1. Assign unit charges at the C-beta atoms only (+1 for Lys and Arg, -1 for Asp and Glu), then state the dipole size of the chain relative to its Cα centre in Debye, rounded to the nearest 20.
2. Within region 224-247, whose backbone N sits under 17 Å from a point 7 Å along Cα→Cβ of Asn209?
3. Mind checking the dipole of region 70-161: about its Cα centre, +1 per Lys or Arg Cβ, -1 per Asp or Glu Cβ, Debye to the nearest 20?
4. Compute the distance from the alpha-carbon center of region 193-220 to that of region 286-362, in whole Å.
5. Rounded to the nearest 0.05, what FRET efficiency do Asp349 and Arg133 have when you use their Cβ-Cβ distance and R0 = 25 Å?
6. Check which residues have an amide H placed less than 5 Å from Val307's amide H, if you skip close sequence neighbours.
7. Would you work out the charge dipole size for region 268-362 about its Cα centre, treating the Cβ of every Lys and Arg as +1 and the Cβ of every Asp and Glu as -1, and quote it to the nearest 20 debye?
8. Return the distance in nm (one decimal) between the two label points of a simple spin-label model at His66 and Ala332, each offset 7 Å from Cα along Cα→Cβ.
Amino acid sequence: MSAPVPAPPRVLHLITDPRHRGAQNLARDLHAELLRRGRPSALRSLQPHPDAPAGHDAPVLGPSRHHPATLRALRAAARSADVVVAHGSSTLQACALGLLGTGTPFVYVNIGDPRHWTASWSRRLRVGAFLHRAAAVSAISDGARQVLLERFRLPAARVRTIPNSRPADGFAPAADQAQRRAARAELGLPAHGLLVAWIGALATEKRPNLALEALALLPDVHLAVAGDGPLRERTEAADTTGRAHFLGRLADPAPLYRAADALLLSSDSEGVPGVLIEAALAGLPAVTTDVGWVRDVVLDGVTGAVVPPGDPAALAEALGTVLAGDRAGLGAAARRHALDRFDLAGATDRWQQLLDQVARRS
């Protein structure tokens, strides 16, 4: 008789809070794809957040990230799981402390640039201790994996590269100009003229001010800003052109990708941003600052342009070149590259292998 096939592991995805941001979006997509494949998966968040959508899909465990009640609730939830996946830096500490002695292993998903969020020695030592508690660490880029190995002296076998990913069918390109105009009308954007999309948290590290400074150097271009955050009022007040359109947080960014002619990313720190992947799947060229591992997604001169961070003139020049060039060709190349490297289906295959291995070892 052949040996019975082991049941797939029960997975608990843990996010910091129920907002729709980078780490949370990856967790949701992976959770949904595992469920679609018939694999047991659950999603929880550590704490509430005032900007979380009503009726969200990630039940909250406690009042704050590392509150004793939150950690107790995490331990209780982990009893029904064979492996916990910790998405985002706040969940690393929670799992390292809250799961101690439970026998339930956890996998940490490193989505940002460790060089940015562990700049001080004290933080590096603390984070390193927590990382060594993880059964495995997932890096979203080979470059990020190398940084994790060197910076925290993690065993090489324990750190796996699994790219950031998005479901390709959720970001189909605009079929024609009529669909593009319809998307603009839906969002209340100008029906004609060049339109650049900027999507992200209105926070210091995202540098929305640079996007506005670049816009001021491009007289015939409009900018659609989608997102919210602590810099929203200041950013809206800083627009001197009258050509920036502030849309707030979008439940679904796909219509904006269909409406736009290019995507702009102006950050000082990133890992492998999901917005670049989404835009590429939607057939949009992108102009981005050269931070983190954005070059994994944006191939300079092939799918868009990469410029030094902190330079609005360089952003404006690159945007002008992309907008005046073969946008359709750049966008088509971007989509081919994203389908090959960053489609959720392929990434989930790799996740299943990792989760199966971690669960079997426990």
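1. Details: 41 positive and 34 negative charges, 355 e Å.
Using only the charged Cβ atoms, the result is roughly 1700 debye.
2. 229-241
3. Magnitude of the dipole: close to 260 debye.
4. 18
5. Numbers: r = 27 Å, r/R0 = 1.07.
Result of the calculation: an efficiency of 0.40.
6. Thr288, Thr289, Asp290
7. Values: 8 positive and 13 negative charges, 85 e Å.
Once rounded to the nearest 20, the dipole reads 400 debye.
8. Label at His66, label at Ala332, 5.2 nm between them.
The values are calculated or read from the model by the stated rules, or taken from the named source; none is laboratory data. None of these values were measured; they are calculated from a predicted model. In this analysis, Cβ positions are derived from the backbone assuming ideal geometry, glycine residues included, and neighbour counts consider all displayed protein chains. Each accessible area value is taken on the protein alone, full model and side chains, heavy atoms only, with ligands, DNA and RNA left out. Shrake-Rupley method; radii C 1.70, N 1.55, O 1.52, S 1.80 Å.
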